[in-house]
Amino acid sequence: MRYWLMKSEPDVYSIADLANDPTEIWDGVRNYQARNFLREMQVDDLAFFYHSNTKPPGIVGLMKIIEADIVDPTQFDESSKYYDPKSQPEEPRWRTVKVGYVETFAEQITLDTLKATFSPEELLVVKRGNRLSVMPVDEAVAEKLLEMGRSA
């Protein structure tokens, strides 16, 4: 099992949205490096749900990968802001995963707390200028994050 961090803006899709409808396709990722991380995910991997572009940003909960290697349907939907006219159904560019709700942490682990606890080498989300929406998390760091999220 591997660990990941996946970002979403809470006014677009939040941990509460996932808790209310406990499975969802994580669609709309249009960064090649983030897409490659999505391709590496396997069923039963765990992902930290990170609320971005909010004050304060931070990790708010946990989800599980329940289905891997799904074709992102938004790439073919001309009415979607994630439509990709260069992607073809017989050779889709964008693949994703389906996530399942695991838990909401009692307290958010804010970006400031993450920066005070981890170096950029330990946790990519604290690296200055990092804008990836999907990134791997080392197992030792993940265990510490789980402890922080569950002990609040």
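Observations, loosely collected:
- Among residues of the range 114-140, those that are of a type in the set (Val, Ile, Thr) and either surrounded by fewer than 16 Cβ atoms within 10 Å (Cβ to Cβ) or at positive phi (or both), counted: 1
- Checking residue 70 against (1) surrounded by fewer than 18 Cβ atoms within 10 Å (Cβ to Cβ); (2) outside any strand (DSSP E or B), the condition it does not meet: (2)
- Matching residues, the range 36-54, being surrounded by fewer than 17 Cβ atoms within 10 Å (Cβ to Cβ) and under 25 Å from residue 92 (Cβ atoms): 36, 39, 40, 42, 43, 44
- In the range 1-35, of all residues being among the aromatic types (Phe, Trp, Tyr) and touching a residue at least 24 places away in the same chain (Cβ under 8 Å), the one that is surrounded by the fewest Cβ atoms within 10 Å (Cβ to Cβ) corresponds to 3.
- Of all the numbered requirements in (1) in a loop (DSSP other than H, G, I, E, B); (2) free of Cβ contacts under 8 Å to residues at least 24 places away in the same chain, residue 115 misses one, and that requirement is (1).
- Any hit, the range 76-86, residues being surrounded by 15 or more Cβ atoms within 10 Å (Cβ to Cβ), of a type in the set (S, T, N, Q) and modelled with pLDDT of 95 or more: no
- Members of the range 84-120 found to be out of contact with any Phe, Trp or Tyr (no Cβ under 6 Å at 6 or more places or on another chain), of a type in the set (S, T, N, Q) and closer than 28 Å to residue 22 by Cα, listed by number: 104, 108, 110, 113
- Among the residues making up the range 55-67, those that are surrounded by 16 or more Cβ atoms within 10 Å (Cβ to Cβ), closer than 16 Å to residue 7 by Cβ and not β-branched (Val, Ile, Thr) are 57, 58, 61, 62, 63.
- Identity of the residue in the range 118-140, among the β-branched types (Val, Ile, Thr) and in contact (Cβ under 8 Å) with a residue 40 or more places away in the chain, that ends up farthest from residue 31 (Cα to Cα): 137
The values are calculated or read from the model by the stated rules, or taken from the named source; none is laboratory data. These numbers come from a predicted model, not from an experiment. In this analysis, Cβ positions are derived from the backbone assuming ideal geometry, glycine residues included, and neighbour counts consider all displayed protein chains.
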